Amino acid sequence: MVPFISVIVPILNEEACIERLARSILDQDYPAEHYEILMADGGSTDRTLEILARIDPARRIRVLRNPGRTAPCGLNVLIDQARGDIVTRIDGHSFIASDYLRQIADLMSSTGASVVGGPVLMHADTAFQTALVEALYSAVAVGSVPYRTLKARAHVASLQTGSFRREVLSRVGRFDESLAVVEDLDLNTRIRKAGYELLLDPAIRFWYVPRGNLRQLWRQIHTVGRVKLRVLRKHPEIFKLKYVLPTTLVLALAAALVASVVGWRLRLPWVQGTGLAFIASYAAVIAGFALSRVPVLGLNAVRLMAIVPTLHIGYGTGFIRGMIDAARLARSRAHA
């Protein structure tokens, strides 16, 4: 029996990616009558919907409104409307292999797995994205992320996107709409707490298109850091040291900068020197990483000098902002 699959995609201003994404879903080798395509639009103001209408004259893609605008809000709208035995979540900044749905159905059938996914394959359209991809695969920039690097089938703690049997979502509940990002980590954690395993298989192939400039990257990674604290407060058992290392770095860099200025103003050379030495050491590590990628990136490796600090400091300051948010919430509850 061929299972019916609901493909769900939250979108918002995806003009740069939507045609490639939509065509990759429409052109699956899976029987068209056995899958539906649902997208939730958070109020796009670019050409996203126009492009969808042009490339899908048969209207196989059903576009729903997402008043909440965020990905988890859109995903919940879509899950409520999905008819599939399997629900497959795909990101707007991505596209999938032509056998994507078939591989999902085959893996679930052959293993009995209830939640499956594939490792993230990065795709770059620009020189900036090419350098960013190099950083995202590096332990120096973001730490070890199994769902980006594993090359063989394995059970993992979390998946970026994923496919779920309907009963899994019915049991663990909806996406947490209070999380603007990293909603996958929260849902995957709840799924594992419910006794399910997450199976990653490289045969399930999709490509993620990262942010296109430093401003977009900062906004994304700062929000991730801010929201990650909420997830850790909700699920403290998933804490890892790497989640707080960028925050520690930000505080250390701030302390070093203060020491440099204070040491200079008060004429304390050893204080000034200690602060400058720490800042110089961090810069040297980043420069060394960039130099190590010259054989791969050529002169484009110089972009890593800005990309890697953006990842570190953006996340770290976001996490600190999340701590401030949590403290404010605690005070407001105490006075309620």
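Please treat every number below as a calculation from the coordinates, not as lab data. The structure presented is a predicted model; accordingly, all values stated were derived computationally and were not measured. Every residue, glycine as well, gets a Cβ built from its backbone with ideal geometry; the counts of neighbours run over all protein chains shown.
Just want the ordering: MET1, MET323, from fewest to most Cβ atoms lying within 10 Å of their own Cβ.
MET1, MET323
Would you mind ranking VAL145, VAL2, VAL115 so that the residue whose beta carbon has the fewest other beta carbons within 10 Å leads the list?
VAL2, VAL145, VAL115
Give, rounded to the nearest 20 debye, the magnitude of the charge dipole that the chain has about its Cα centre when Lys and Arg contribute +1 at Cβ and Asp and Glu contribute -1 at Cβ.
Dipole magnitude for the chain comes out near 1320 debye.
List the residues whose amide H sits under 5 Å from the amide H of GLY84, counting only those 5 or more places along or on another chain, with H placed 1.01 Å from N in the peptide plane.
SER6
From Cα pairs below 8 angstrom and at least 6 apart in sequence, can you work out the relative contact order of region 237-334, rounded to a whole percent?
Value for region 237-334: 32 percent.
Using the Kirkwood formula on the Cα atoms of region 90-202, what hydrodynamic radius do you get, in angstrom to one decimal?
15.2 Å
Give the lysines reachable from LYS242 as a straight Cα distance under 17 Å; neighbours fewer than 8 places away on the same chain don't count.
Qualifying lysines at Cα under 17 Å: LYS228.
What is the list of residues in region 129-154 whose amide nitrogen lies under 16 Å from a point 7 angstrom out from the Cα of HIS235, following Cα to Cβ?
Within reach of a label on HIS235: 145-148.
Return the loop-located trypsin sites (Lys or Arg not before Pro) in region 240-272 (DSSP other than H, G, I, E, B) with at most 14 other Cβ atoms within 10 Å of their own Cβ; answer none if there are none.
Answer in residue order: LYS240, ARG267.
At 0.36 nm per residue, and after removing the present C-alpha to C-alpha distance, how many nm does the segment from ARG83 to GLU33 gain when stretched out fully?
16.8 nm
What is the dipole size for region 237-334, taken about its Cα centre, with +1 at each Lys and Arg Cβ and -1 at each Asp and Glu Cβ, in debye to the nearest 20?
The calculated dipole for region 237-334 is roughly 220 debye.
Provide LYS151, LYS234 in ascending order of the number of other Cβ atoms located within 10 Å of each residue's Cβ, fewest first.
Placing the least packed residue first, the sequence is LYS151, LYS234.
Calculate, in nm to one decimal, what ALA326 and ALA277 gain on full extension: separation in residues at 0.36 nm each, minus their alpha carbon distance.
Extending this stretch completely gives an extra 14.3 nm.
Compute the relative contact order of the chain as a whole-number percentage, counting only Cα pairs closer than 8 Å that sit 6 or more residues apart in sequence.
18 percent
Residue by residue, what Karplus-based ³J(HN,Hα) values in Hz, rounded to whole numbers, does region 204-220 have, using 6.51, -1.76 and 1.60 with θ = phi - 60° and x for Gly and Pro?
Here the 3J(HN,Hα) series is 8, 10, 9, 10, 9, 9, x, 4, x, 7, 5, 5, 5, 5, 4, 4, 5 Hz.
To check my understanding: the extent here is largest minus smallest coordinate of the Cα atoms along each principal axis. What are those three numbers for region 237-334, in Å, largest first?
Its Cα atoms span 55, 42, 21 Å along the three principal axes.
Grab the DSSP H runs of the chain that are 4 residues or longer, score each as -39,500 (n - 2.57), total them, divide by all residues and round the 222 nm result to the nearest 500 deg cm²/dmol.
It comes out at -16500 deg cm²/dmol, rounded to the nearest 500.
Gain in length, ALA152 to SER170, computed as 0.36 nm per residue apart minus the alpha-carbon separation, to one decimal in nm?
Taking 0.36 nm per residue and subtracting the Cα distance, the gain is 3.5 nm.
Regarding the chain, what are the three Cα extents along the principal axes, ordered largest first, in Å?
Sorted largest first, the three principal extents are 78, 56, 41 Å.
Chymotrypsin sites (Phe, Trp or Tyr not before Pro) within region 215-256: which are DSSP loop residues with at most 13 other Cβ atoms inside 10 Å?
Here the chymotrypsin sites (Phe, Trp or Tyr not before Pro) that fit, given the DSSP loop and packing criteria, are PHE239.
Give a quick list of GluC sites (Glu not before Pro) in region 102-191 that DSSP marks as loop, anything other than H, G, I, E or B, with at most 16 other Cβ atoms within 10 Å.
Taking region 102-191 and a limit of 16 other Cβ atoms within 10 Å, the loop GluC sites (Glu not before Pro) found are GLU177.
Using only the alpha carbons of region 1-147, what is the convex hull's orientation-averaged projected area in square nanometres?
So the mean shadow area of the Cα hull is 9.8 nm².
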